[in-house]
Amino acid sequence: MAALKKPLTILLASPRGFCAGVDRAIQIVERAIERYGRPVYVRHEIVHNRYVVENLEAKGAVFVDELDQVPNDRPVVFSAHGVPKAVPAEAGRRNLLYVDATCPLVSKVHREAERHHESGRTVVLIGHAGHPEVIGTMGQLPPGAVLLVEDVSQVATLDVPDPKNLAYATQTTLSVDDTTAIVAALRHRFPAIQGPKMEDICYATTNRQAAVKAIAARCDALVVIGAPNSSNSMRLVEVAGNYGCARSRLVQRAADMDWEWLGDAKRLGITAGASAPELLVDELIEACRARYDVSVEEVRTTEENVVFKLPRQLVA
């Protein structure tokens, strides 16, 4: 007689998974392949998720690091994270057909940075060095016009040309709590600093972090489905740890799950970063069902109905 499976309650955080910007970026690549045929080149991972990238490769997308890898007669898509101004300028110089899949909320940060620069302000960007979104935002302005701050400690040593002519902007996928602390430190040291009316952290990042905060203390363990190079996914692991679930980790998909790590957990939290498809959530739940007697409780903290339009060149 088969041994009885141990019970496992899954607390499913909602909202989770794809945001409107990721959804739009994937559709842009798919539409471009339909319209222009295979292959369509994509500069950098369109979003930070291996499954999504491999799926698009199978449909005819070719992912490259730089424009010099794109032939002159094929279209290229820029990733959802945004690109420095030099990239579309180079594409234009080569007469490349390009489609910009930058998330509209990232584009909004770009425009804000430009407006501050035109007004004579130095822009302090709160973000992670080397992240494609940060490289893209800093690349909207001339070298030296944007100063990067990664944590509160860096605020104290920040060297600015004119403390009365400052503004700040933020990467869209940061920890809400960490960013609040950095902004407070900036305002304390530079009282005249200007900032956006609403924080630049996007609705999806904020909502996914809020959903994790709502379940973390009730979970024995929590899994975030996402990629290790996905900023918003990594922040969800941190938030879970900070809000009561010390046993929290990132898993790319069910095959990567360490079941021994789960141990004697009776309540497992599951969420997914903004670039992880729901299919990977379903896959993990099914893998749990194979090992446990599973019951699922969805914990929803807000409804999302944001949709971003596709670029005109793919709609007409």
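List of remarks:
- Single match in 246, 240, 274, 255 (criterion: under 17 Å from residue 207 (Cβ atoms), assigned by TED's automatic domain parsing to the domain that holds residue 296 and either out of contact with any Ser or Thr (no Cβ under 9 Å at 6 or more places or on another chain) or in a loop (DSSP other than H, G, I, E, B) (or both)): 274
- Of all residues making up region 65-99, the number that are loosely packed, with under 14 Cβ neighbours inside 10 Å and either under 28 Å from residue 251 (Cβ atoms) or in the same structural domain as residue 142 (by TED's automatic domain parsing) (or both): 1
- Filter result (over 15 Å from residue 149 (Cα atoms) and more than 16 Å from the chain's Cα centre (by Cα)) within region 189-208: 191, 192, 194, 196, 197, 198
- Any hit, region 129-150, residues being β-branched (Val, Ile, Thr) and over 16 Å from residue 83 (Cα atoms): yes
- Any chance residue 67 is in contact (Cβ under 8 Å) with a residue 24 or more places away in the chain and within 21 Å of residue 236 (Cβ to Cβ): no
One line per residue, one yes/no per condition, for (1) modelled with pLDDT under 95; (2) touching a helix residue (DSSP H, G or I) at 6+ places or on another chain (Cβ under 8 Å); (3) among the polar types (S, T, N, Q); (4) surrounded by fewer than 19 Cβ atoms within 10 Å (Cβ to Cβ):
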{"position": "197", "(1), (2), (3), (4)": "yes, no, no, yes"}
{"position": "200", "(1), (2), (3), (4)": "yes, yes, no, no"}
{"position": "209", "(1), (2), (3), (4)": "no, yes, yes, no"}
{"position": "217", "(1), (2), (3), (4)": "no, no, no, yes"}
{"position": "223", "(1), (2), (3), (4)": "no, yes, no, no"}
{"position": "226", "(1), (2), (3), (4)": "no, yes, no, no"}
{"position": "245", "(1), (2), (3), (4)": "no, yes, no, no"}
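- Any hit, region 225-235, residues being closer than 27 Å to residue 7 by Cα and within 21 Å of the chain's Cα centre (by Cα): yes
- Of the residues making up region 19-67, those that are among the aromatic types (Phe, Trp, Tyr) and within 15 Å of residue 101 (Cα to Cα) number 2.
- Residue ID - farthest from residue 294 (Cα to Cα), chosen from residues in region 1-32 that are in a helix (DSSP H, G or I) and basic (Lys, Arg): 31
- Condition check for residue 58: free of Cβ contacts under 8 Å to residues at least 12 places away in the same chain, surrounded by fewer than 16 Cβ atoms within 10 Å (Cβ to Cβ) and on the phi < 0 side of the Ramachandran plot: yes
- Options 130, 144; residue that is within 22 Å of residue 100 (Cβ to Cβ) and either surrounded by fewer than 20 Cβ atoms within 10 Å (Cβ to Cβ) or out of contact with any helix residue (DSSP H, G or I) (no Cβ under 6 Å at 6 or more places or on another chain) (or both): 130
- In the set (1) hydrophobic (A, V, I, L, M, F, W, C); (2) under 20 Å from the mean Cα position of the chain (by Cα); (3) in a loop (DSSP other than H, G, I, E, B), the condition left unmet by residue 265 is number (2).
- Checked against the criteria, residue 35 does not count as in a loop (DSSP other than H, G, I, E, B), at pLDDT 95 or above, of a type in the set (D, E, K, R) and touching a helix residue (DSSP H, G or I) at 6+ places or on another chain (Cβ under 7 Å).
- Residue match in region 48-55 (condition: buried (at least 16 other Cβ atoms within 10 Å of the Cβ), of a type in the set (Val, Ile, Thr) and under 25 Å from residue 271 (Cβ atoms)): yes
The values are calculated or read from the model by the stated rules, or taken from the named source; none is laboratory data. Predicted, not measured: the structure shown is a model, and the values here were computed from it. Here Cβ is always computed from backbone atoms with ideal geometry, including for glycine, and neighbour counts include all displayed protein chains.
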